[in-house]
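The structure appears below as structure tokens.
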Amino acid sequence: MDTLLSKYGHLVKDAVTLTKTPKLITEDNVYQVGVDAVLPYLDMMVDESSLPGSGLDGMENLEELWEKAKSGSSCLLLPEHYSNLDLSIITYFIRKAGGHGEEMSRAVVAVAGMKLTEDDPSVAAFAAAYSRIVIYPSRSLAHLDAEKDRAEILRSASINRAAMKALNELKTQGKLILVFPAGTRYRAWDPATKRGVREIDSYIRSFDYMCCIALNGQILHVHQKDMMEDEVRSDLVRVTAGPVLSCAEFRKQAGKAGIEDKKQATVDAIMAELEAMHEAAEPKRIALLKH
């Protein structure tokens, strides 16, 4: 069994050397610009493990969203989330698709949890290949005690205020802001990881347009404890970009579902859309595998 560490551990030292990722996230460093020198390592990982037939569907939808972003509209990418290579997979196949793929890929700014930066220098070095806004995730906040962790709660508030400020500045500057609605990687042993987090509604409320992105096929499988022990397996991967949707109209329609928690209703509708896209794309992927 190949893992990130066993297969690509030899690249870790180089990646760490090429990056100067801060060990601690503060309100002063929540926005981090991608390090181009690390990108070829991630591209190689995706390329080596993606079987022939892998690629992207719906490039025309991304081109439409990109045009809106360049015109000053705020635009979201909302993908499924299975592994720490999802961002690498998405941006790699956008670039490979041609058209404005290279520009589009470089315009992506991911909203990322601070765990990717603070927990493991190796993971942090690879994450540094991509521009990102670092947040203190709600799932992490849920484990804090109001009395015992008061200082950490204050820190989280400071980080998230700074992150939202950076987001508001960047979102109308021709960027494509990428947010994973589930807020974490899907883990089969924990069904809760498949449910979207409520704060995604706040993103959708404050943006103009969005595209959902389904990910079929998996080349990196989550380890229960150690990210560098995630299992690497070759697979045929298809990325599917859905149609451009009006955020306001989507929220309006989601609100008609009759769910009392309107915020959860919005993100539930997003997760349902992603699931439907995933199921629709899988037969094509299986057919390509058979060839």
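Bear in mind that the values in this text are calculations on the coordinates, not laboratory data. Given the structure is predicted, the values throughout are model-derived calculations rather than measurements. Cβ atoms come from the backbone with ideal geometry, glycine included; neighbour counts cover every protein chain shown.
Some points to look at:
- Approximating the spin labels as points 7 Å out from Cα along Cα→Cβ, the Gln224-to-Met1 distance works out to 1.1 nm.
- Built amide H within the under 5 Å cut-off of Ser74, gap 5+: Asp208, Tyr209
- For segment 21-111, the Cβ-based charge dipole about the Cα centre amounts to some 160 debye (Lys, Arg positive; Asp, Glu negative; other atoms uncharged).
- Taking other residues whose beta carbon is less than 11 angstrom from the beta carbon of Phe180, and scoring Lys, Arg as +1 and Asp, Glu as -1, yields -1.
- Distance in nm between pseudo-label sites at Asp47 and Ser138 (7 Å out along the Cβ direction from Cα): 3.9
- Dipole magnitude of segment 2-290, debye to nearest 20 (Cβ charges: Lys/Arg +1, Asp/Glu -1, about Cα centre): 460
- Across the chain, the relative contact order, built from alpha-carbon pairs under 8 Å that are at least six residues apart, equals 29 percent.
- Which label in (1) 51; (2) 47; (3) 62 gives the computed percent of Cα pairs over 24 Å apart: (1)
- Evaluating 6.51 cos²θ - 1.76 cosθ + 1.60 at θ = phi - 60° for every residue in segment 49-62, the Karplus couplings come out as 9, 8, 6, x, x, 5, x, 10, 10, x, 4, 4, 5, 5 Hz, glycine and proline recorded as x.
- Under a Gaussian network description of the chain, with springs only between Cα atoms under 10 Å, the residue in Leu51, Leu144, Leu236 that fluctuates furthest is Leu144.
- Listed residue pairs exceeding 20 Å between alpha carbons, taken from Lys194/Lys290; Lys7/Lys225; Lys13/Lys175; Lys68/Lys171: Lys194/Lys290; Lys13/Lys175
- Candidates Leu76, Leu176, Leu39: whichever shows maximal mean-square fluctuation once the chain is modelled as a Gaussian network with Cα springs under 10 Å: Leu39
- On the basis of the beta-carbon distance and an R0 of 45 Å, Asp190 and Lys70 show a calculated FRET efficiency of 0.70.
- Comparing Thr17, Thr91, Thr240 in a Gaussian network model of the chain, where Cα atoms under 10 Å apart are tied by springs, the biggest mean-square fluctuation is seen for Thr17.
- Student exercise, segment 72-172 dipole from Lys, Arg, Asp, Glu Cβ charges, in Debye to nearest 20: 260
- In a fully extended conformation the segment linking Glu260 and Leu24 would gain 81.1 nm over its present Cα-Cα distance, using 0.36 nm per residue.
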